[in-house]
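Enquirer: Quick one: structure below, then a few questions.
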Amino acid sequence: MSGIHLVNGLAGLLIVTSLLVVTARKPAHSAMFYAAQSFVLVLVFLALAGVTGSHELYTWSATAFFTKVILVPVIMSRLFGRLEDQKLGTGERISPALSVILAAVVVVLCFVVVSGVALPTAEAVKPALAISLAHFFLGLACIVTQRNILKQVFGYCLMENGSHLTLALLAANAPELVEVGIATDAIFAVVVMAVLGMQIHRTLGTLDADQLTTLKG
């Protein structure tokens, strides 16, 4: 298998792991699936580095492994493991079957959009580029279709991973400082949203976003 085929094939696994993150019944399980997805993302970076000869991507891979595969999942598991809302249940607005159908539709639409893009640097990795775009919208869909505040945090994480992959595909030689900025942004965003979720649960006794009526008006 050539390096380009490996990049596109590994990118396809990101969709599978996204569905596992979204449909997992407990936030702790979503954290584990997110760690697995981030590990696949690191493998994509390594494969892409081998194809493009970008030394920057090797640094990206190391930074992403530390932050996305280890640090962020540990933070989320520690913080989310203390929270539970028995009344909320899974907190899904749509069933897992509909989530799979929605993901398939999003992926097809993104492939159609990307097929019309004329970028010499992205010609060989168009499948991965389409998946990175779909990944962003799947994260957005997670935020919209999940009532559980903690699962909505994972939606943000999926969007961030999609954006990260898009940047790597289109700007493989971007300075390492860009990666550091992305990683730092992800860590602080997750910590802030997790703390807010804990405060909401402590104050209102729920993780159901639909029940936050006191915030209206």
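Enquirer: Could you work out how far apart the two model spin labels at L167 and L109 are, taking each label as a point 7 Å from the Cα in the direction of the beta carbon, and quote it in nm?
Expert: 2.5
Enquirer: Starting from 0 in steps of 10 Å, tell me what percent of the Cα-Cα pairs of the stretch 90-180 lands in each bin.
Expert: 17, 41, 29, 12, 1
Enquirer: Scattering from the C-alpha atoms of the chain alone, worked out with Debye: what is log10 I(q)/I(0) at q = 0.12 1/Å?
Expert: Calculated log10 I(q)/I(0) at the listed q: -0.62.
Enquirer: Using a Förster distance of 22 angstrom, determine the FRET efficiency expected from the C-beta separation of K26 and I143, and round it to 0.05.
Expert: Here the calculated transfer efficiency is 0.75.
Enquirer: Please report, for the Cα atoms of the stretch 28-84, the Rg to one decimal and the Dmax as a whole number; what are they, in angstrom?
Expert: Rg and Dmax of the stretch 28-84, Cα atoms, are 13.4, 46 Å.
Enquirer: Here is a follow-up. Carbon-plus-sulfur fraction of the accessible area of the chain, 1.4 Å probe, in percent?
Expert: 71
Enquirer: Another question, if that's okay. From Cα pairs below 8 angstrom and at least 6 apart in sequence, can you work out the relative contact order of the chain, rounded to a whole percent?
Expert: With pairs under 8 Å counted, the relative contact order is 26 percent.
Enquirer: Can you tell me the accessible area per residue over the chain, all protein chains present, probe 1.4 angstrom, in square angstrom?
Expert: Counting only protein heavy atoms, the per-residue value for the chain is 48 Å².
Enquirer: Right, something else. So for the pair V16, V180, with labels modelled 7 Å out along Cα→Cβ, what separation do we get in nm?
Expert: The answer from the label model is 3.6 nm.
Enquirer: Which distance in nm do the two modelled labels at K126 and S2 give, with both placed 7 Å along the Cα-to-Cβ direction?
Expert: Going from the K126 label point to the S2 one covers 1.4 nm.
Enquirer: Follow-up. Taking the Cβ-Cβ separation of Y58 and V117 as r and a Förster radius of 35 Å, what is the calculated FRET efficiency to the nearest 0.05?
Expert: Rounded to the nearest 0.05, the efficiency is 0.85.
Enquirer: Related question: If DNA, RNA and ligands are ignored and the probe is 1.4 Å, what is the ranking of M193, M159, M32 by accessible area, most exposed first?
Expert: M32, M193, M159
Enquirer: Per the helix-only calculation at 222 nm, which mean residue ellipticity applies to the chain, given -39500 (n - 2.57) for every DSSP H run of n ≥ 4 and division by its residues, nearest 500 deg cm²/dmol?
Expert: After summing the helix terms and dividing by residue count, I get -25000 deg cm²/dmol.
The values are calculated or read from the model by the stated rules, or taken from the named source; none is laboratory data. Note that the structure is predicted; figures quoted are calculated from it, not measured. Ideal geometry is used to build each Cβ from the backbone, glycine not excepted, and the neighbour counts take in all protein chains shown. What goes into the accessible areas is simple: the full protein's heavy atoms, side chains included, and nothing from ligands, DNA or RNA. Shrake-Rupley method; radii C 1.70, N 1.55, O 1.52, S 1.80 Å.
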